[in-house]
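Okay, so here's the structure we're looking at.
Please treat every number below as a calculation from the coordinates, not as lab data. Quick caveat, the model's predicted, so the values are computed rather than measured. Cβ placement follows ideal geometry from the backbone for every residue including glycine, while neighbour counts extend to all protein chains displayed.
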Amino acid sequence: MDKNHFLQSFAEQFDDTDPSTITLETHFKEMEEWSSMVALMIIAMVDEQYSKKITGADLREANTIEQLFERVSSK
Amino acid sequence: MPEYSNAHVAAIAYHLPSTELTNEQLNADFPEWSVDKIMNKVGISVRRVVAENEFTSDLAVAAAQNLFQQYNLNPADIDFLLLCTQSPDYFLPTTACLVHERLHLTPSSGAIDINQGCSGFVYGLSLAKGLIASGDATNVLLITAETYSRFLHPKDKGNRSIFGDASAAVLVTSNPIGGRINKVVLGTDGKGAKNLIVKNGAMRFPKSGDQALHEDEDGNLFNDNCLYMNGSEIFNFTIESVPDLVREILERNHLQQEEIDLFVFHQANRFMLEYLRKKIKIPAEKFLIYMEHCGNTVSSTIPIAMKHALQEKKIKAGSKVMIVGFGVGYSWGGTILQF
């Protein structure tokens, strides 16, 4: 798994947030556009592109996008 | 035993309560929330909700009356009533008995509730088929009816935006008309019970005095008197189980995916349906999405979508229609209807 590719795919799930403001250090659950709908879109993106599963626990435990990447890539 | 049953879905009708809950109304209730943008993904413009004095039995009776009227059916011919609901009028008696009375069905007909959610229509067909195969019934009236709006916390914007109240009625008959019910595949995983639940108000936990809406550690809103849904877990369950379920339905019915003319999945939300469609590689023109006018109506979504497909001639003589239900329980099921 490529970290920057993950970041790009993650950022693509947002409609109103400028992708250049989303970095690996972004605390994604604190983003204004974050919602339960976006959570489903992230789960779908990871299933589709990486054939891996993001659980509620992953979203709970990870604060930054990089932390979420580490959890996903270790599966 | 014959390879396939002689049970057929011969008639479909539905009913929506008159009170609307529009995206504009939700926007007024939750001004901080971009309702239009989110609902664009979820695929719902309006949902209907019951009035204060309107209950599951009322919705059930209205759907059955629509069915009798639209197909010129005689209620006296019904010899079994199956009512699928998780929001009954009372603990007891069975809501089916109240509906039986109001529809003036014959005293010699059976009437019973089954409690199942988003897989409930498929379960109902399976049970109706069994009643017909046993010879105990020849014309089963299957009704699905829910008033989930009563389970929702007024401040729970997510669930209020998804669920709508509705009822549907179908005639399952031994007469060879309509869609023959082929092999039904069913499944259960009670480990998922906690992820979609109304915890309080039955025997284990009485309703509490707590009126507030709380947030759990996954960011899902809850009040144990109301419906709780862990959206992430439900989504994961769905994308894991439904592709396998579709494969199993095809195998059990000795069919290839290309031979199916129309796929009618439980209308949970458009985003999830579109994702499942792509994952299972179903062409868009063979995949029905019909929920914009009523939302997720639980066990009624499949018959409501099928009714519109029949009216729009997307289902015609010769059509093989796969129906798939999945959700609360966890519970899932599917079959092929051969028209």
What would the Debye formula give as log10 I(q)/I(0) at q = 0.21 Å⁻¹ for the alpha-carbon point model of region B:185-338, no solvent? -1.36
Can you tell me the relative contact order of region B:8-175? Whole percent, Cα pairs under 8 Å, sequence separation 6 or more. 34
Once you keep just the Cα pairs under 8 angstrom separated by 6 or more residues, what percentage relative contact order results for region B:185-338? 31
Which of B:Val298, B:Tyr123, B:Phe339 sits closest to the plus end of the dipole of chain B, meaning its Cα is farthest towards the positive end, when Lys and Arg get +1 and Asp and Glu get -1 on the C-beta? B:Phe339
Report the Stokes-Einstein translational diffusion coefficient (µm² s⁻¹, integer) for region B:8-175, Rh taken as the Kirkwood radius over Cα pairs, at 20 °C with viscosity 1.002 mPa s. 128
Given backbone amide H placed at 1.01 Å from N, residues whose amide H is under 5 Å from that of B:Gly201, ignoring those fewer than 5 places away on the same chain, are B:Lys207
Too long for a 29 Å Cα-Cα cut-off, among A:Lys29/B:Lys194; A:Lys29/B:Lys278; A:Lys52/B:Lys37; A:Lys29/B:Lys286; B:Lys199/B:Lys279; B:Lys183/B:Lys313, are A:Lys29/B:Lys286; B:Lys199/B:Lys279
Please report the projected area of region B:30-87's Cα convex hull averaged over all directions, in nm². 6.8
To check my understanding: the extent here is largest minus smallest coordinate of the Cα atoms along each principal axis. What are those three numbers for the protein assembly as shown, in Å, largest first? 69, 52, 37
Can you sort B:His266, B:His8 from fewest to most other Cβ atoms within 10 Å of each residue's own Cβ? B:His8, B:His266
Computed over chain B: relative contact order in percent, which uses C-alpha pairs under 8 Å that are six or more apart: 25
In whole angstrom, how far apart do the alpha carbon centroids of region B:52-129 and region A:1-33 sit? 49
Counting only other chains, and only Cβ atoms inside 10 Å, what mean value do you get across the residues of A:31-40? 6
When you count, for each residue, the other Cβ atoms within 10 Å and take the mean per peptide, how do B:316-328, B:157-169 rank with the highest first? B:157-169, B:316-328
What is the percent of Cα-Cα separations in region B:164-266 that go past 21 Å? 58
Integer Hz, Karplus 6.51/-1.76/1.60 couplings in order for region B:75-89, x for Gly and Pro: x, 5, 7, 6, 10, 7, 10, 10, 10, 9, 7, 10, 10, x, 4
Lys/Arg +1, Asp/Glu -1 at C-beta; region B:4-112 dipole; positive extreme among B:Gln65, B:Gln25, B:Leu82: B:Leu82
In whole angstrom, largest first, the equivalent ellipsoid semi-axes that the Cα gyration tensor gives for region B:207-262 are 40, 12, 8
Output ³J(HN,Hα) for region B:205-222: one whole-Hz value per residue in order, computed from phi by the Karplus curve 6.51 cos²θ - 1.76 cosθ + 1.60 with θ = phi - 60°, and x for Gly and Pro. 10, x, 4, 9, x, 5, 9, 7, 9, 10, 10, 7, 5, 8, x, 7, 7, 7
Count, for each residue of B:211-223, the Cβ atoms from other chains sitting within 10 Å of its Cβ, then give me the mean as a whole number. 2
For chain B, what is the calculated [θ] at 222 nm in deg cm²/dmol (nearest 500), taking -39500 (n - 2.57) for each run of four or more DSSP H residues and dividing by its residue count? -9500 deg cm²/dmol
Dipole in debye (nearest 20) - chain B, about Cα centre, beta carbon charges: Lys, Arg +1; Asp, Glu -1: 740
What is the helix-to-structure angle for B:120-134, meaning the angle in degrees between its Cα long axis and the longest Cα principal axis of chain B, kept from 0 to 90 and rounded to the nearest 10? 20
Using the Kirkwood radius built from alpha carbon pairs, what does the Stokes-Einstein equation give as D for chain B at 25 °C and 0.890 mPa s, in µm² per second? 122
Among residues other than A:Val72 whose Cβ falls under 10 Å from its Cβ, what is the net charge (Lys/Arg +1, Asp/Glu -1)? +2
Applying the Karplus parametrisation 6.51 cos²θ - 1.76 cosθ + 1.60 with θ = phi - 60° to the phi angles of region A:56-65, what ³J(HN,Hα) value in whole Hz is obtained for each residue in order, glycine and proline being reported as x? x, 5, 4, 5, 6, 6, 7, 9, 9, 5
Ranked from fewest to most other Cβ atoms within 10 Å of their own Cβ, B:Cys84, B:Cys226 fall in the order B:Cys226, B:Cys84
If you project the alpha carbons of chain A onto the principal axes, what extent comes out on each, in Å, largest first? 29, 23, 20
